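The values are calculated or read from the model by the stated rules, or taken from the named source; none is laboratory data. If you're wondering where the values come from, they're calculated on a predicted model, not measured in any experiment. Glycine also receives a Cβ, built like all others from the backbone with ideal geometry; neighbour counts cover every protein chain displayed.
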């Protein structure tokens with residue numbers, strides 16, 4: 001294995017078996033990261049890449065572009081106070097159709113509205129150009145103004161983050177590409193094709209190399225995974241996609257391009273690492289707070305549950321205990337009452353015997369009632 005290295009301002013280039021790699025933060029890379037907007041711009045947004053970009057757009061959009069020319073990617077705002085917008089890639093085909101392409105890695109709540117805004121900037125630019133040309137040609141002859149005949153516009157957003165387009169993915173023929181145009185909401189009739197908002201769900205595309213079936217699959221697979229590969233997939237060798245790999249080789253970049261690319265990659269990685277650390281710290285703090293709150297809540301809920309269980313258990317225990325106590329108390333009360341009743345009954349029978357004895361000695365019922373202070377009727381009942 002032959003190795004040759006070259007120290008450059010951008011880092012170290014290492015040649016292994018005739019293939020040149022670049023060291024970036026301790027790792028070997030052969031191809032640029034196209035999911036990174038800076039890499040996407042360098043590879044697909046610079047003169048010399050028109051053919052590769054043409055084939056990419058034809059595959060993703062279903063268009064039939066023959067020739068592409070790059071245009072200025074910076075567009076002024078609608079007012080003097082509004083800052084200008086810079087697109088990743090902006091070009092026109094042979095018919096005048098415009099293509100604005102952007103790689104987006106960061107989630108934005110209203111990104112689709114941003115795409116609409118970008119489309120308005122392109123349409124304004126197209127209108128200004130058309131008005132000038134119309135004025136110099138047809139307008140000069142007819143004296144009429146421009147008739148608003150916009151050429152088709154494609155605002156293509158490649159989304160490498162979890163996005164809204166995946167919600168209806170299963171219901172679509174192509175789950176990874178969503179195209180929006182002006183249509184009648186009832187009849188679905190299109191109002192021309194002047195504006196096409198195309199969202200490509202790169203984040204949702206998770207096919208492995210051996211799962212790719214179509215050229216469109218391989219385009220999306222390559223854009224998403226190329227930076228982690230060391231060779232071009234065998235199935236795309238000899239196709240237009242192989243040209244994408246050739247254009248994306250870091251060794252093919254100029255020294256200035258590699259320097260900017262590496263600096264931007266390192267900055268991005270530092271930001272991502274910082275975000276990851278902050279998220280980890282926040283997660284640990286949340287767990288700590290959650291643990292404390294969980295303990296407090298657990299103690300509170302446990303105490304409340306314990307009281308309820310205690311009450312319920314106490315009721316059950318009270319019933320059993322009450323039965324035992326009731327039986328003991330009943331027996332005691334019964335015995336006492338029985339004894340009292342027995343005594344009372346014994347006394348009553350003794351009194352009745354005495355009344356009978358007194359009556360047998362010749363005393364009348366009335367005399368006995370008066371003597372022992374007992375109701376006359378009761379004395380008569382005993383004597384009878």
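Filter segment 221-230 down to residues that are without any contact (Cβ under 8 Å) to a residue 60 or more places away in the chain and out of contact with any helix residue (DSSP H, G or I) (no Cβ under 7 Å at 6 or more places or on another chain) and give me whichever is farthest from residue 58 (Cα to Cα).
228
Name the helices (runs of 4 or more DSSP H) wholly within segment 137-251 that hold at least 2 residues that are under 24 Å from residue 104 (Cα atoms)?
Ranges flagged: 215-225, 240-248.
Look through 277, 256, 213 and report the one residue that is assigned by TED's automatic domain parsing to the domain that holds residue 159 and surrounded by fewer than 15 Cβ atoms within 10 Å (Cβ to Cβ).
The match here is 213.
Which of the numbered conditions does residue 265 fail, given that it passes all the others? Conditions: (1) surrounded by 11 or more Cβ atoms within 10 Å (Cβ to Cβ); (2) over 21 Å from residue 200 (Cβ atoms); (3) at pLDDT 80 or above; (4) out of contact with any strand residue (DSSP E or B) (no Cβ under 8 Å at 6 or more places or on another chain).
So residue 265 meets the others, but not (4).
This table checks each residue for (1) surrounded by 19 or more Cβ atoms within 10 Å (Cβ to Cβ); (2) modelled with pLDDT of 85 or more.
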| site | (1), (2) |
| --- | --- |
| 87 | yes, yes |
| 93 | yes, yes |
| 107 | no, no |
| 115 | yes, yes |
| 120 | no, yes |
| 125 | no, no |
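Output the residues belonging to segment 1-38 that are modelled with pLDDT of 80 or more and outside any strand (DSSP E or B).
Of everything in segment 1-38, those that are modelled with pLDDT of 80 or more and outside any strand (DSSP E or B) turn out to be 17, 18, 30, 32, 33, 34, 35, 36, 37, 38.
Quick one: residue 154 ticks every box in (1) surrounded by fewer than 12 Cβ atoms within 10 Å (Cβ to Cβ); (2) in contact with a strand residue (DSSP E or B) (Cβ under 6 Å, 6 or more places away or on another chain) except a single one, so which number is it?
In the conditions (1) surrounded by fewer than 12 Cβ atoms within 10 Å (Cβ to Cβ); (2) in contact with a strand residue (DSSP E or B) (Cβ under 6 Å, 6 or more places away or on another chain), residue 154 misses (1) alone.
In this structure, does residue 60 turn out to be at pLDDT 95 or above and within 20 Å of residue 257 (Cα to Cα)?
Details: at pLDDT 95 or above: yes; within 20 Å of residue 257 (Cα to Cα): no.
For residue 60, the condition - at pLDDT 95 or above and within 20 Å of residue 257 (Cα to Cα) - is not met.
Looking at segment 224-231, can you tell me whether even one residue there is modelled with pLDDT under 85, within 24 Å of residue 28 (Cα to Cα) and loosely packed, with under 12 Cβ neighbours inside 10 Å? Before the answer, list the steps.
Taking segment 224-231 as the starting set, the residues that turn out to be modelled with pLDDT under 85 are none.
Checking segment 224-231: not a single residue is modelled with pLDDT under 85, within 24 Å of residue 28 (Cα to Cα) and loosely packed, with under 12 Cβ neighbours inside 10 Å.
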